[in-house]
Amino acid sequence: MTATQSKRPLTGIRIVDLTRLAPGPYGTMLLSDLGAEVIVVGGGRAGPPVSTFARGKTFITLDLKSPEGRDALQRLAATADVVLEGFRPGVADRLGAGYEALSSTNPGLIYCSLTGYGQDGPRAQEAGHDINYLAYTGVLGSIGPVDRPPTLPLNAIADMAGGGMLAVIGILAALHERSRTGLGQRIDAAMVDGCLSLIAMHFPVWRTEAMPGRGDGLIAGNAPFYRCYECADGGHVAVGSLEPQFFAALWTTLDLGALPDHMDRRTWPEIERQLDAAFRSQPRDAWAALFEGKQACVTPVLLPHEVWDDPQIRTRGEQQDGRFVVPAIPRFSRTPIAPCPNDTSDRSVEVLEALGLGAAQIAAASPADERGREIGLGWPPAFNG
């Protein structure tokens with residue numbers, strides 16, 4: 001554990017991370033930022049870790065197809081509070097890394113299985129990615145313009161929120177429950193479940209006046225007071241003037257005349273025409289300056305390379321090696337957290353020696369030629385040609 005993690009909320013919690021794809025490493029980054037010691041176990045067909053999510057973690061390599069590798073994992077799990085895995089159902093059991101095997105010597109172990117479709121059901125063994133989980137849960141079918149295919153919201157919803165954050169919620173809840181009972185348990189965190197939960201407020205209004213279909217409704221993208229507009233320089237502004245007071249501030253700031261009833265759908269075409277013409281008349285940053293402090297919920301749409309120059313983001317931002325990085329979240333009054341350094345070097349020998357393994361056992365459990373070997377699609381990916 002690093003010195004910067006010594007006084008954080010999860011100080012003293014050890015997590016063994018068997019995941020590789022984005023949801024699991026993102027979740028354990030959040031836990032690492034909170035002070036947990038995270039030991040990432042790689043090896044075999046595992047692809048390289050996403051370096052963005054490596055903050056504060058320790059990386060080792062184990063050959064889980066060998067008896068020595070499985071024994072090393074068993075010893076490591078016996079010292080852990082949490083194990084997080086992202087294999088398809090049944091794979092961890094075959095590797096000797098399942099809940100029954102690892103909890104047999106550690107009844108307080110919290111074991112979280114993070115998968116796309118969950119541990120049961122007809123699709124439990126199917127491959128999938130964020131886009132597929134969005135597709136099956138109605139999220140993708142409800143995002144995008146009326147007359148075009150659905151729009152992908154990057155992989156922020158299923159992978160990160162419905163996957164990584166869902167796993168973190170389950171782990172934190174199980175840790176709290178264990179403090180009362182002393183017992184661990186298994187968590188089944190499925191990204192399809194997470195996606196369904198994330199759009200809970202939208203299911204009841206689907207095919208109603210509030211949201212008749214994709215791209216249609218109060219917050220679906222076609223309400224003229226809750227959408228983006230292009231500006232004179234090709235930039236965009238985001239207009240979120242949903243409530244009456246915010247819409248009034250929008251309309252009066254633009255000096256567009258008599259205030260229309262923006263909750264009457266019959267007024268929407270004319271409202272859109274006037275707003276579109278207005279915003280196309282000046283560049284994005286001119287509108288950002290005009291609406292600053294106006295309480296109209298109108299903001300510039302920043303591109304990723306512009307984000308760190310925004311004064312609000314910089315005020316709350318975190319730096320590593322002189323550059324801004326995604327902050328550790330959330331903020332705490334007594335036990336502050338901050339992003340830990342990234343170090344993806346292989347520390348198998350150090351960790352396994354601490355478990356009591358000798359040199360020959362370490363060589364068998366973690367073959368030197370396997371350490372640092374990268375298989376699969378890395379991030380960022382290498383393109384051909």
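What follows draws every value from the coordinates through simple rules; no lab data is involved. If you're wondering where the values come from, they're calculated on a predicted model, not measured in any experiment. FYI the Cβ positions are ideal-geometry reconstructions off the backbone, even for glycines, and counts take in every protein chain you see.
Here are some notes:
- Estimated inter-spin distance, Thr335 and Leu242, nm [label 7 Å along Cα→Cβ]: 3.4
- Using the Cβ-Cβ distance between Val91 and Arg148 with R0 set to 30 Å, the FRET efficiency works out to roughly 0.20.
- Between Arg123 and Ala289, the modelled label-to-label distance comes to 5.0 nm, taking each label 7 Å out from Cα in the direction of the beta carbon.
- Proportion of all alpha-carbon pairs of the range 226-314 beyond 20 Å (%): 32
- Each residue, Asp255 and Ala363, gets one label point 7 Å from its Cα in the Cβ direction; the gap between the two is 8.3 nm.
- Counted by Cβ distance under 10 Å from Phe225, the other residues give a net charge of -1, where Lys and Arg count +1 and Asp and Glu count -1.
- Residue list for the range 75-118, given a label point 7 angstrom along the Cα-to-Cβ vector of Glu177 and an amide N cut-off under 18 Å: 81-85, 99-100, 103-104, 106-115, 118
- Across the options Asn222, Ile169, Thr181, the greatest Cα extent toward the positive end of the charge dipole of the chain (unit charges at beta carbon of Lys, Arg, Asp, Glu) belongs to Thr181.
- Taking the Cα centre of the chain as origin and assigning +1 to Lys and Arg Cβ atoms and -1 to Asp and Glu Cβ atoms, the resulting dipole is close to 580 debye.
- Distances between every pair of Cα atoms in the chain, grouped in 10 Å steps from 0 to the bin holding the largest one, split as 5, 19, 26, 23, 15, 9, 3, 1, 0 percent.
- Relative to the current alpha-carbon distance between Met263 and Lys65, full extension at 0.36 nm per residue lengthens the span by 65.0 nm.
- Take 207-215, 96-104 and order them by the average number of nearby Cβ atoms within 10 Å per residue, most first; the result is 96-104, 207-215.
- Near Leu303: Cβ cut-off under 13 Å, other residues only, Lys/Arg at +1 and Asp/Glu at -1. The net charge is -4.
- Full-stretch length increase - Glu270, Glu209 - with 0.36 nm per residue and alpha-carbon distance subtracted: 20.0 nm
- Radius 12 Å from Cβ of Asn106, net charge of other residues (Lys, Arg +1; Asp, Glu -1): +1
- Of Thr267, Ile329, Leu303, farthest towards positive along the dipole that unit charges on Lys, Arg, Asp, Glu beta carbons give the range 260-385: Thr267
- Using R0 = 25 Å, the C-beta based FRET efficiency linking Asp321 and Val301 works out to 0.30.
- Backbone N within the range 232-271 under 15 Å of label point (7 Å from Leu218 Cα along the Cβ vector): 240-247, 262-265
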